[in-house]
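So the structure is just underneath, and the comments pick up after that.
The values are calculated or read from the model by the stated rules, or taken from the named source; none is laboratory data. Model, not experiment: these values are computed from the prediction. Here Cβ is always computed from backbone atoms with ideal geometry, including for glycine, and neighbour counts include all displayed protein chains. When the accessible area is computed, the model is the full protein with side chains, heavy atoms only, and any ligands, DNA or RNA have been set aside. Shrake-Rupley method; radii C 1.70, N 1.55, O 1.52, S 1.80 Å.
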Amino acid sequence: MENIELIDWEKMEGLIPVITQDFETNEVLMLAYMNKEALQLTLDTKFAHYFSRSKQRIWKKGESSNHTQEIKNILIDCDNDTILLKVKQNGVACHTGRKSCFFTNLETKEEISKVEVDTTSAYGVIDTLYHVIQDRKNDDPKKSYTSKLLNGKENSMLKKIVEEAGEFTFAIKDNDTQEAIYEAADITYHVLVALASKNISPDRVKQELARRFGMSGIEEKNSRIEE
């Protein structure tokens with residue numbers, strides 16, 4: 001624990017940036033953040049753990065995909081405010097299925113590396129779709145409906161959720177199974193767009209649902225009123 005105190009956590013507001021490199025090639029794989037607990041877990045287990053700002057929780061790299069990072073060395077910079085991890089990368093580091101998260105040339109937008117692994121099954125369709133939506137933020141709104149929603153007026157985006165919810169309720173009322181499935185997918189997509197606009201990971205929704213297990217709906221509502 002005393003080694004962790006080399007870091008001025010108060011100065012870092014509880015989070016320290018972490019650069020992660022392949023220990024053999026020195027290729028930069030990703031940049032993430034650790035809080036004190038994540039760093040301690042990394043030291044104890046010898047596998048990389050980070051603190052996700054979007055998920056608002058600690059996560060072990062590879063917990064869903066099994067693309068873990070085995071720690072070979074942990075270095076801290078001269079100002080004690082940045083960590084360099086040297087790791088053995090099992091599988092790929094990026095959620096897109098690429099070895100490194102750094103694969104797009106900023107000036108030309110050219111992708112300099114190819115997808116090596118299909119990560120859809122590992123992360124699940126909801127998380128994969130959320131990441132795709134995030135990636136569309138900087139696309140041309142004239143060519144991307146998702147970008148148009150994200151970069152347009154917020155009320156227009158929110159009206160789509162209300163519209164799709166209405167169409168879903170009519171499909172249920174009409175006992176139209178296929179239409180209900182179609183409209184449910186539309187609602188899910190538009191809700192994910194709204195979450196992405198606020199950088200709220202669907203993982204946080206899953207955490208909230210998990211919190212409610214074993215709790216009646218009445219108890220859950222009452223707990224919110226009390227808060």
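Numbers below:
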quantity	calculated
Flag if residue 105 is open to solvent by 40 Å² or more (accessible area, probe 1.4 Å) and either of a type in the set (D, E, K, R) or within 30 Å of residue 4 (Cα to Cα) (or both)	no
Residues satisfying the stated conditions in the range 19-34, i.e. farther than 17 Å from residue 95 by Cα and surrounded by 18 or more Cβ atoms within 10 Å (Cβ to Cβ)	34
Residues (at pLDDT 90 or above and open to solvent by 60 Å² or more (accessible area, probe 1.4 Å)) located in the range 143-154	143, 145, 148, 151
Residue match in the range 82-95 (condition: open to solvent by 70 Å² or more (accessible area, probe 1.4 Å) and not in a loop (DSSP other than H, G, I, E, B))	yes
Residues of the range 61-81 that turn out to be loosely packed, with under 14 Cβ neighbours inside 10 Å and either among the aliphatic types (A, V, I, L, M) or outside any loop (DSSP other than H, G, I, E, B) (or both), as a count	2
Qualifying residues in the range 45-60 (those that are at pLDDT 95 or above and not in a strand (DSSP E or B)) - the one nearest to residue 192 (Cα to Cα)	48
Residue 80 being polar (S, T, N, Q), in contact with a Lys or Arg (Cβ under 8 Å, 6 or more places away or on another chain), over 25 Å from residue 131 (Cα atoms) and in contact (Cβ under 8 Å) with a residue 40 or more places away in the chain	no
Test: residue 159 is surrounded by 14 or more Cβ atoms within 10 Å (Cβ to Cβ), of a type in the set (Lys, Arg) and free of Cβ contacts under 8 Å to residues at least 12 places away in the same chain	no
Residues of the range 198-209 satisfying the condition of being open to solvent by 40 Å² or more (accessible area, probe 1.4 Å) and either part of a loop (DSSP other than H, G, I, E, B) or at pLDDT 95 or above (or both)	198, 199, 200
Selection count where residues are in contact with a strand residue (DSSP E or B) (Cβ under 9 Å, 6 or more places away or on another chain) and hydroxyl-bearing (Ser, Thr, Tyr), scope the range 37-78	5
Residues of the range 118-131 classified as of a type in the set (Val, Ile, Thr) and open to solvent by 50 Å² or more (accessible area, probe 1.4 Å), total	3
Counted residues, the range 118-136 - those being within 12 Å of the chain's Cα centre (by Cα) and without any contact (Cβ under 8 Å) to a residue 40 or more places away in the chain	4
